[in-house]
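Remarks on the structure that follows.
Every number in this text was worked out from the coordinates using simple rules, so none of it is lab data. Every value quoted in this text rests on a predicted model; they were computed, and no experiment measured them. Note that we place each Cβ from the backbone using ideal geometry, even for glycine, and neighbour counts take in every protein chain shown.
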């Protein structure tokens with residue numbers, strides 16, 4: 001069966017809904033992995049597409065069995081691929097070694113044999129020849145749960161209806177990334193970052209685009225001492241600060257290679273930040289940074305580097321920033 005291409009619906013960063021509206025929301029654990037849409041045409045095959053639309057099926061050969069889990073019934077499912085640590089918690093750094101193997105199936109198979117991933121499913125957008133995106137979340141959830149998709153490398157975790165404060169507290173107590181709040185009457189909006197879904201990160205972190213760097217000194221000579229990062233706002237890439245901590249020596253050396261390959265003489269930030277000695281790069285590397293707060297101008301306070309995000313595009317760094325000073 002030919003299945004429609006359905007980009008994943010995205011959540012908006014925010015806080016818990018007001019207590020008076022708590023019963024109108026469902027709560028799911030925010031997973032720290034790679035978002036995928038799974039296409040099951042009903043012939044025993046499986047196609048996995050990342051948020052970018054890239055075919056990443058070959059990177060996760062252990063998930064191929066999902067293709068026959070519904071027999072001849074075709075489906076399009078929303079989920080997240082996870083790599084679990086020894087405590088059973090999602091670890092994005094472990095997953096990164098798998099994410100780039102879509103074009104190296106032999107290496108992917110070897111990694112899968114040593115440390116298989118897990119796919120958690122949380123929505124169904126198409127089932128048995130019918131598009132379900134116009135149905136409310138509650139009905140889609142019923143359809144998904146009714147499929148019984150719990151296998152050796154995939155599962156359908158339960159959602160909690162109401163009790164948002166308890167759900168968020170539980171994610172913090174168990175060291176999980178956060179919570180996703182979904183309005184019970186919300187339809188599925190393909191490719192839209194919707195306020196009907198709210199994501200809450202326990203780590204105060206955001207995605208940024210690398211637009212430049214500052215050379216290191218001393219033992220860091222020849223390596224980046226700091227990267228200059230920005231976020232998309234008002235159709236421009238706005239500078240939000242420099243990040244100089246958070247890397248291992250290996251990660252800093254790897255980043256130096258990526259920055260060297262992307263070097264350009266044109267500053268990608270608008271307006272150009274007053275950073276003496278800056279070297280500019282093409283704004284295509286996306287990373288995640290942790291920070292304490294923002295200044296009134298939108299700059300990040302005490303930022304530190306968490307990780308590269310090869311699964312995201314620069315457009316995913318959109319932020320609500322104040323207007324720059326005149």
At 7 Å along Cα-to-Cβ for each site, give me the label-to-label distance between residue 73 and residue 302 in nm. 5.1
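What FRET efficiency do you get for residue 253 and residue 47 if R0 is 41 Å and r is their Cβ-Cβ distance, rounded to the nearest 0.05?
Using R0 = 41 Å, I get an efficiency of 0.70.
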Please work out the Cα convex hull volume for the range 222-303 and give it in Å³ per residue. 103
Please build a GNM for the chain, connecting alpha carbons under 10 Å apart, and tell me which residue among 310, 152, 274 fluctuates the most. 274
With springs only between Cα atoms under 10 Å, which of 224, 271, 314 fluctuates most in a Gaussian network model of the chain? 271
Taking 22 Å as R0, compute the FRET efficiency from the Cβ-Cβ separation of residue 104 and residue 202 and round it to 0.05. 0.05
Longest principal axis of the chain (C-alpha) makes with the long axis of helix 137-146 (C-alpha) an angle, in degrees to the nearest 10, of 60
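Dividing the convex hull volume of the alpha carbon atoms of the range 155-300 by its residue count, what do you get in Å³ per residue? Don't skip to the end; give the middle numbers.
Values: hull volume 27.0 nm³, N = 146.
Per residue, the Cα convex hull of the range 155-300 comes to 185 Å³.
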So, in Å, what gap is there between the alpha-carbon centers of the range 292-321 and the range 251-284? 16
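Mind ranking 24-37, 188-201, 205-218 by how tightly packed they are, going by the mean number of other C-beta atoms within 10 angstrom, highest first? Walk me through the numbers before you get to the answer.
Values: 24-37: 22.1, 188-201: 17.1, 205-218: 20.6.
The most tightly packed comes first, giving 24-37, 205-218, 188-201.
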Please identify, among 104, 233, 90, the residue showing maximal mean-square fluctuation in a Gaussian network model of the chain using a 10 angstrom Cα cutoff. 104
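Considering every Cα-Cα pair within the chain, what fraction, in whole percent, is farther apart than 26 Å? Display every interim value, and only then the final one.
Details: 27497 of 52975 pairs.
Summing the P(r) of the chain above 26 Å gives 52 percent of all pairs.
What does the C-alpha gyration tensor say about the overall shape of the range 22-201? Classify as rounded when a/c is under 1.5, otherwise prolate if a/b is larger than b/c, or oblate. Working shown, then result.
On the way: a/c = 1.89, a/b = 1.20, b/c = 1.57.
The shape class here is oblate.
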